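A.B. asks: Just dropping this structure here.
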Amino acid sequence: MAKRFLNIVCVTALLVAFGSVRSAEQIQPPPIGAPRGAPPEYTRFDPAELETGFLRLAFGSDMQRFSESEDRIHKFDHQVRFHITNTATKDRSASYLHVLDDFSVRVPRIDVAAVDASVPPDVIVRLLDSKDFASTLAGALGNRTARDFIDQTNPRCTTRSRADEKGGILRADVFIVVDKGNDVFLDCAYHETLHALGLMNHADDIPWTTLNQNRRVGYLSVYDLTMLQMLYDRRIRAGMGRTEVETLLPEIIRDLK
């Protein structure tokens with residue numbers, strides 16, 4: 001039987017304390033290197049906030065409106081190899097490598113590495129100018145889907161992923177516009193890397209995540225790295241449905257360190 005592939009598009013310090021906390025708290029300034037005007041971050045969450053956020057971000061995607069998404073877990077099960085290409089006037093490849101290094105250092109459950117063109121990549125990151133965004137996206141999605149997607153979302157960046165019939169991510173293609181300034185670039189770079197690694201949805205009513213499209217963050221927040229630690233817990237497997245995951249989350253959250 002021919003394999004069935006799924007196309008998914010997503011636009012644009014693990015110290016979690018529990019106890020009597022009733023809402024996210026312990027606000028601290030954004031980290032050094034964050035964009036100017038970046039919001040402060042919360043560093044303490046109760047279990048309900050973590051469970052709700054995970055179920056929102058790890059299931060579904062923007063492409064559900066185009067019938068190209070399924071409500072199940074998607075993740076990699078091996079080292080994730082990133083290859084960066086640049087066609088933009090200003091080359092921000094080094095800046096993206098810094099972003100990738102941030103994920104590598106701070107999310108130990110995910111093994112990420114930058115590779116050159118001689119190594120087959122799992123994620124291709126395309127850095128491009130605004131004028132080339134629509135045509136490049138059309139080449140990946142097809143003219144009609146790309147046009148409808150851009151009309152409905154007006155993205156500055158996007159991620160297209162392919163998954164196998166078991167939910168494992170086969171390939172992610174990230175498209176990031178780099179000529180809108182460093183702050184927009186950093187916001188897109190962190191946002192789309194979260195999507196590429198499997199947090200494919202948005203949650204515009206959760207104020208602690210980069211994947212809230214009403215915020216411009218530009219750094220890897222405690223909340224988002226916690227979401228990735230949960231996604232890449234060995235008990236969460238690609239292809240799992242929402243009900244199955246819900247039964248596991250209380251134990252996974254208790255075990256966070």
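A.B. asks: Taking into account only those residues within the range 94-113 that are exposed (fewer than 14 other Cβ atoms within 10 Å of the Cβ), closer than 18 Å to Leu231 by Cα and among the charged types (D, E, K, R), which is modelled with the lowest pLDDT?
C.D. replies: So the residue we want is Arg109.
A.B. asks: Which residue pairs have Cβ atoms closer than 9 Å, lie 6 or more positions apart in sequence or on different chains, and pair a first residue in the range 83-100 that is of a type in the set (Gly, Ala, Ser) with a second residue that is assigned to a helix (DSSP H, G or I) and buried (at least 20 other Cβ atoms within 10 Å of the Cβ)?
C.D. replies: Listed pairs, sorted by first residue: Ser95/Phe185; Ser95/Leu186; Ser95/Ala189.
A.B. asks: If you take the residues of the range 200-221 that are under 19 Å from Gly37 (Cβ atoms) and among the polar types (S, T, N, Q), which of them is surrounded by the fewest Cβ atoms within 10 Å (Cβ to Cβ)?
C.D. replies: If we take residues in the range 200-221 being under 19 Å from Gly37 (Cβ atoms) and among the polar types (S, T, N, Q), then Asn214 is surrounded by the fewest Cβ atoms within 10 Å (Cβ to Cβ).
A.B. asks: Then there's this: One residue is enough: does the range 188-199 have a residue meeting the conditions among the acidic types (Asp, Glu), under 13 Å from the mean Cα position of the chain (by Cα) and modelled with pLDDT of 95 or more? Give the steps one after another, and end with the answer.
C.D. replies: Residues of the range 188-199 among the acidic types (Asp, Glu): 192.
Add one more test, that the residue is under 13 Å from the mean Cα position of the chain (by Cα), and what stays is 192.
Now restrict to residues that are modelled with pLDDT of 95 or more: 192.
Yes, the conditions are met somewhere in the range 188-199.
A.B. asks: Out of Thr158, Thr193, which single residue is among the polar types (S, T, N, Q), part of a helix (DSSP H, G or I) and buried (at least 24 other Cβ atoms within 10 Å of the Cβ)?
C.D. replies: Values: Thr158 fails: part of a helix (DSSP H, G or I).
Unique residue meeting the criteria: Thr193.
A.B. asks: Something else: I'm checking my understanding of the structure. Among residues of the range 233-257 that are out of contact with any Asp or Glu (no Cβ under 9 Å at 6 or more places or on another chain) and within 12 Å of Phe54 (Cα to Cα), which one is surrounded by the fewest Cβ atoms within 10 Å (Cβ to Cβ)?
C.D. replies: Ile236
A.B. asks: Could you tell me whether any residue of the range 110-122 is part of a loop (DSSP other than H, G, I, E, B) and touching a His at 6+ places or on another chain (Cβ under 6 Å)?
C.D. replies: Narrowing the range 110-122 to residues part of a loop (DSSP other than H, G, I, E, B): 110-111, 115-122.
Add one more test, that the residue is touching a His at 6+ places or on another chain (Cβ under 6 Å), and what stays is 115, 121.
For the range 110-122, residues part of a loop (DSSP other than H, G, I, E, B) and touching a His at 6+ places or on another chain (Cβ under 6 Å): present.
A.B. asks: Would you confirm, using the coordinates I've provided, whether Asp116 is modelled with pLDDT of 95 or more, surrounded by 15 or more Cβ atoms within 10 Å (Cβ to Cβ), over 17 Å from Ser61 (Cβ atoms) and charged (D, E, K, R)? If you could, list the steps in order and put the result at the bottom.
C.D. replies: Numbers: modelled with pLDDT of 95 or more: yes; surrounded by 15 or more Cβ atoms within 10 Å (Cβ to Cβ): no; over 17 Å from Ser61 (Cβ atoms): yes; charged (D, E, K, R): yes.
For Asp116, the condition - modelled with pLDDT of 95 or more, surrounded by 15 or more Cβ atoms within 10 Å (Cβ to Cβ), over 17 Å from Ser61 (Cβ atoms) and charged (D, E, K, R) - is not met.
A.B. asks: Mind checking whether some residue in the range 220-238 is among the aromatic types (Phe, Trp, Tyr) and part of a helix (DSSP H, G or I)?
C.D. replies: First, the residues of the range 220-238 that are among the aromatic types (Phe, Trp, Tyr): 223, 232.
Among the residues that remain, those that are also part of a helix (DSSP H, G or I) are: 223.
The answer is yes; a qualifying residue exists.
A.B. asks: OK, next. Does the range 119-133 hold any residues that are in contact with a helix residue (DSSP H, G or I) (Cβ under 8 Å, 6 or more places away or on another chain) and either surrounded by fewer than 15 Cβ atoms within 10 Å (Cβ to Cβ) or basic (Lys, Arg) (or both), and which are they?
C.D. replies: Passing the criteria: only Arg126.
The values are calculated or read from the model by the stated rules, or taken from the named source; none is laboratory data. It should be emphasised that the depicted structure is a prediction, and the values quoted were computed from it without experimental measurement. When we count neighbours, we look across all protein chains shown, and the Cβ atoms used for this are built from the backbone with ideal geometry, even at glycine.
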